[in-house]
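Written below as structure tokens is the structure these notes are about.
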Amino acid sequence: MKIGILLCANLERAQYLYKYVEILDILKCDYEVIYWNRLLSNYVIQCNGKFIPFDEKIDSYKPLIYKSKKYFKFICFAHHIIKKNNYDKLILFTTPSVISVWDLCLGKYKGKYIFDYRDLTKEYFKPYRKLTQKLICTSEIFITSSPGYLSYFKPEKIKNWILCHNTYGDITFKSNLCLNKKDPIKIVYWGAIRQLEYNKKICDLFGNDKRFKMIYHGDGAYIELTNYCKERDIKNIEFTGGYLLQQIESFAEETDILFNAYETDFVTTPSLSVKVYDSLEYRLPMVVSKKTYMESYLKKYDHVFCFNISDSILDDLYEWYIGLNENIVLGSFEHLKEEISTDEEKFKKIMKEFVNHETYS
């Protein structure tokens with residue numbers, strides 16, 4: 001069994017890949033990872049597989065019209081490698097990867113590939129959504145990082161799906177719970193900084209409230225937001241720019257509340273973000289947006305505060321955090337860990353069946 005893995009992204013941000021290669025290494029599977037090295041970086045993952053980069057720099061934040069030629073080159077590259085190496089099965093991460101080789105998925109690899117679904121992209125466009133639905137149904141296994149995504153398709157036709165959480169591997173507690181009962185309470189965000197206008201409202205809401213200090217780690221719109229805060233003389237919010245995954249542990253050490261709230265748009269509303277699991281592993285109380293799948297999934301847990309920017313809730317947020325009971329919060333983390341671990345065991349079982357030619361049922 002030789003498996004080809006296609007990733008239309010940088011290795012640095014593809015934490016979901018790490019879990020797969022760990023399992024494939026345990027199963028002693030022969031595999032190769034074809035990926036788009038968008039940053040032309042030397043980043044490597046320690047594993048037994050071979051990596052085949054498509055070295056073409058691209059600005060991921062630009063509109064598609066400026067990136068279409070490079071996408072076409074990536075599609076040609078992916079087809080060439082897959083046909084040349086004649087893999088037995090494929091693992092395809094995210095819709096852009098699957099769409100790139102849709103003809104192979106509906107042809108030679110029909111019923112012989114995993115479609116790992118991580119984000120909504122252009123599913124608001126009906127023909128794109130229809131093709132994606134077809135590719136979901138012709139996969140051997142459809143794996144999604146959030147059940148919330150199923151509502152955008154025809155879930156009654158998706159028989160072969162399983163949940164795979166946005167974790168790097170098995171959940172392990174990497175730090176002790178440490179509740180800060182002194183001002184300022186440090187609220188920290190890490191990840192790509194998008195939704196510029198929404199984050200301007202966040203800056204206005206928290207700006208110069210002495211009870212809180214906010215720190216944003218990440219690339220994207222951080223320069224615009226830095227200037228926005230300077231113009232308004234907001235002194236309790238700072239932006240540090242891009243980072244490496246290895247730095248998250250140090251970010252967690254300076255965090256009282258992990259900020260995981262977004263404007264409820266087409267992409268963010270159905271997702272379970274990576275920070276859900278960062279909050280769990282570093283045992284950090286967390287803020288999520290109301291009217292999202294994250295709220296419905298997490299509202300039963302005591303370490304989660306549901307947030308709506310239109311509400312005047314800073315007093316409520318402050319009182320919630322100050323009133324947290326350590327034993328109750330520790331129990332909340334334990335219960336979520338158990339739920340996720342059960343899901344992950346099911347995922348590992350399905351991966352073993354996929355590699356061993358067994359039929360998914």
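The values are calculated or read from the model by the stated rules, or taken from the named source; none is laboratory data. Since this is a predicted model, take the numbers as computed values, not measurements. Cβ sites come from the backbone with ideal geometry, for glycine too, and all protein chains shown count toward neighbours. Accessible surface is based on the protein model in full, side chains and every heavy atom, while ligands, DNA and RNA are left aside. Shrake-Rupley method; radii C 1.70, N 1.55, O 1.52, S 1.80 Å.
Selection over the range 112-139 of residues that are of a type in the set (Val, Ile, Thr) and either open to solvent by 30 Å² or more (accessible area, probe 1.4 Å) or in contact with a Cys (Cβ under 9 Å, 6 or more places away or on another chain) (or both) gives a count of 2.
Listed here are the residues, each with its yes/no results for (1) in contact (Cβ under 8 Å) with a residue 12 or more places away in the chain; (2) part of a helix (DSSP H, G or I); (3) farther than 30 Å from VAL21 by Cα.
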{"residue": "LEU317", "(1), (2), (3)": "yes, yes, yes"}
{"residue": "ASN327", "(1), (2), (3)": "no, yes, yes"}
{"residue": "PHE354", "(1), (2), (3)": "yes, yes, no"}
{"residue": "HIS357", "(1), (2), (3)": "yes, no, no"}
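Across the range 47-83, the qualifying residues are those that are within 23 Å of ARG194 (Cα to Cα) and β-branched (Val, Ile, Thr), and the one among them that is surrounded by the fewest Cβ atoms within 10 Å (Cβ to Cβ) is ILE65. Here's a check for you: in the range 304-361, which residue that is open to solvent by less than 10 Å² (accessible area, probe 1.4 Å) and of a type in the set (Ser, Thr, Tyr) is nearest to VAL276 (Cα to Cα)? If we take residues in the range 304-361 being open to solvent by less than 10 Å² (accessible area, probe 1.4 Å) and of a type in the set (Ser, Thr, Tyr), then SER332 is nearest to VAL276 (Cα to Cα).
Considering the range 189-202, and only residues there that are crowded, with 20+ Cβ neighbours inside 10 Å and at negative phi, the residue that is nearest to the chain's Cα centre (by Cα) turns out to be TRP190. Among the candidates ASN208, ASN176, the residue that is surrounded by fewer than 17 Cβ atoms within 10 Å (Cβ to Cβ) and under 18 Å from TYR318 (Cβ atoms) is uniquely ASN208. Taking every residue in the range 215-234 that is under 15 Å from GLN195 (Cα atoms) and open to solvent by 10 Å² or more (accessible area, probe 1.4 Å) and pairing it with any residue that is modelled with pLDDT of 95 or more and basic (Lys, Arg), at least 6 positions away or on another chain, the pairs with Cβ-Cβ distances below 8 Å are TYR228/LYS200. Restricting attention to the range 155-172, the residues that are outside any strand (DSSP E or B) and open to solvent by 50 Å² or more (accessible area, probe 1.4 Å) total 7. The residues of the range 238-261 that are outside any loop (DSSP other than H, G, I, E, B) and either under 16 Å from LYS213 (Cβ atoms) or among the polar types (S, T, N, Q) (or both), listed by number, are GLU238, PHE239, GLN246, GLN247, SER250, PHE251, ALA252, GLU253, ILE257, LEU258, PHE259, ASN260. Considering only residues in the range 235-294 that are among the hydrophobic types (A, V, I, L, M, F, W, C) and open to solvent by 20 Å² or more (accessible area, probe 1.4 Å), the one that is farthest from TRP320 (Cα to Cα) turns out to be LEU244.
I need the full set of residues from the range 273-301 which are in a loop (DSSP other than H, G, I, E, B) and touching a Phe, Trp or Tyr at 6+ places or on another chain (Cβ under 9 Å), in order please. Within the range 273-301, SER273, TYR282, ARG283, PRO285, LYS290, THR292, TYR301 qualify.
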